[in-house]
Every structure is written in C-alpha cells, then in structure tokens.
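The values are calculated or read from the model by the stated rules, or taken from the named source; none is laboratory data. Remember, predicted model here, so these are calculated numbers, not experimental data. Using ideal geometry, Cβ is built from the backbone for each residue, glycine included, and neighbour counts are taken over all protein chains shown. Remember, those area values only see protein heavy atoms, side chains included, never the ligands or the DNA or RNA. Shrake-Rupley method; radii C 1.70, N 1.55, O 1.52, S 1.80 Å.
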Amino acid sequence: MRRLLGLTAGALIVGAAIAACRPTGDVGYVEIKTVPVAPVTQTALYIDAAKLAPIKKGGAILRQPTGTLKLQADGVAGSLAPLCDIVVKRNRITTVTISVLERPPRCQCRYGGSDVAHACVS
Amino acid sequence: MMTLLSAIVQGRRARFPAAALFALVFVLSVTTARAGDASGSGAGSAGVASPVEQFSEQLEAFQKSVPDLNKTIQDSAGTIDSATDVAKARAEIDKLRETVSTLLGAVSDNGPVSQLGVKALDHIRNKLKTLAQDNRFKPEERQFLIDQWRKLEAQTEGATKELDDARAQFAGLLQTLQDNEDFIGELLEIRQAEKALEVIRHLTHDIRDASTQLNKLIGGIKPPGA
C-alpha cells in the first residue's frame, strides 16, 4: 500500500515537473538551412541567448514559442552578431537559410527579409 | 516509412507496460529497475538500457499517432475539395495544421523523441567504448556483447534516420498547408471584394433610381403659364 502511494506520488511529482518544463502558450517552428551543406555546421548559432546544437546535414527544425526571435552568431571579441529576426507564428513554420561561409554569416529569408527590419516571416 | 521504427519498438516493448504519460513511464522504469536490483535478477541491465527504453516508448507513442494523421488528412482533403464555404475550408486547414504541428513538435530537432534518440545513441556508443576496455569478460563473451550493442546501435541509427525523414515530411506538409491557407485567404479576399462590388452595384442602382425620381419630379414641375 505504502509502495503504491509512493509510486503515485512519484508519478505526480515527475508529471508536474515535466508539465512545468513544457513551453506554455503557442508554439511554432523555425527551419534553419545552412549553405553550403556540411555534415555538421561549425558556426555557432544562437536564438536569442540560447546556443543551438550544431546543425547536422544542413538543416534543423526547431520548436519555438511564438513571437519575434533574434538569430545571432558568434561575433568579434566574444559578442554576438545579430543576423536577422525570425517571426514565429502559431503552428506555422518560418524558413531561414544561413550562408555560413560569409563573415558574419548572412540570413536569407524565404518570405520577408528585404525590409529594413530584416525579419523572416512564415 | 515506419518499418524499422516498428522493429525497434516491438523489440523493446515487452519490458515495461505501455503508458501514455512519459512521466509514468519514467517512474515505472525506475521502480522496475529498483525491483530488479532488490531481487538480484537482471541487475544492471534494466538501469543501463533506460535511455534506449525511453526512446522506444516515445517512438511507440509517436507511431500510434501517425495513422490518425493519415485519416485526418484524407478526411480534411475531402472536405476541402467539396467545400464551397471558404471559411469552412480555412477552419479545416487550421485543424489539420494543428495536428501536423503537434506531430512535428515531437520529431523536431529539439523535440522529445529526437532528444531521446540522441541520448539513446550516446548511451550505446559510450557502452561500446566501455566494453572495448572491459577486462571482466572472456574475449568471446566481450565480442558477443559488442555485437549485440552494435546491432542495437544500427537499429537505433535506422530509427533516428526515419525520424529525420518524418521530420522533413511533416515540415513539408506544414509548409504546403501554409501555402494553401494563403491561397484560401486570397479566395476569402476575392469573396469580400465581390461582396463590396455587390454593395457598390446596389448603391449605384439606388442612386440611379433616386436620380430618375428626381428627374421625374423636376420634369413634373411646370411653372405657371407654361
């Protein structure tokens, strides 16, 4: 009986912890493509302040909260160089291609990006 | 698409009861591992295989959701084809996009299934490294264990490769739905424009009527002696 209670309590605690860690609110997707395609992209990329895992085989699809995110890369003297803004909408996918050979890397948006704000939209 | 996924999932399915909640699976796996340790049977193996088990559980849950998606797509496609109501078609696409989005969330690069796949592969590769330097076993025993782990590595790699394919497929589908939604949005705008045109036509008609009435009125006015 005590074991069952412990198990139930454990399940509730872990379930609550997982629910708490889940992003709340609406989510959308960011598709990042890198050119040229490499097995693993060496350039470190950031969405806002969060460093992304190295992009494999020239592409990654990331689940992100909705809103406008800042895509950045490593800049000079340890600072981050802003590349472009990405507008994430609910249940939509925003595609951005990054030319990693250039310094700093350059953003090309599938839609948008030609304006002054340089924001990629879905 | 999911044949290799099925193989790996079915191969690992028997150890723990299927559970909808990942939390429950996690707790059960820990509890079962502890029970195994306490009884002295299978100690170590249950705990060691945990990342692979978790990956399998997540894959299984993911696989179960895919047939529903296919049905939803077929149903929605039929509805959209026959729908003359643009707003209804848009609502169908919204619903479908929600479904595809949920699935894409699971297999996205930072999603739970993909992350567990990475962890499972790391675990297997670490195990292979450890085994290569482990002197507790006879050479033939060690080789047998290495072969078993390599087989599991190949299967897990195959499963993660299929996840990559699924990710690309869902992303493409979401993109197509977006494009269609944009097209339907344009249709909606055309309909609105048609309504506006209709209002203008009515207005023009009314103005003409009023003008005719006014002309009649003016024509009917006769000054005295005319």
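Below is a table of values for the structure above.
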quantity	calculated
5 angstrom amide H check on A:R110, placed H, neighbours 5+ away	A:T95, A:T97
Per-pair calculated FRET efficiency, R0 = 25 Å: B:K64 and B:D179 via Cβ, rounded to 0.05	0.30
Electrostatic dipole magnitude of region B:93-153 [Cβ: Lys, Arg +1; Asp, Glu -1; Cα centre; debye, to 20]	200
Restraint check, A:K51/B:K127; B:K129/B:K151; B:K127/B:K151; A:K70/B:K95, Cα-Cα greater than 20 Å	A:K51/B:K127; A:K70/B:K95
Radius 11 Å from Cβ of B:K161, net charge of other residues (Lys, Arg +1; Asp, Glu -1)	-2
B versus A: buried accessible surface, summed, Å² (probe 1.4 Å, to nearest 100)	2000
Backbone HN-Hα couplings from phi across region B:166-176 [Karplus 6.51/-1.76/1.60, Hz, Gly and Pro as x]	4, 4, 5, 5, 5, 5, x, 5, 4, 5, 4
Rounded FRET efficiency, nearest 0.05, which uses the C-beta distance separating B:R201 from B:E98 and R0 of 35 Å	0.35
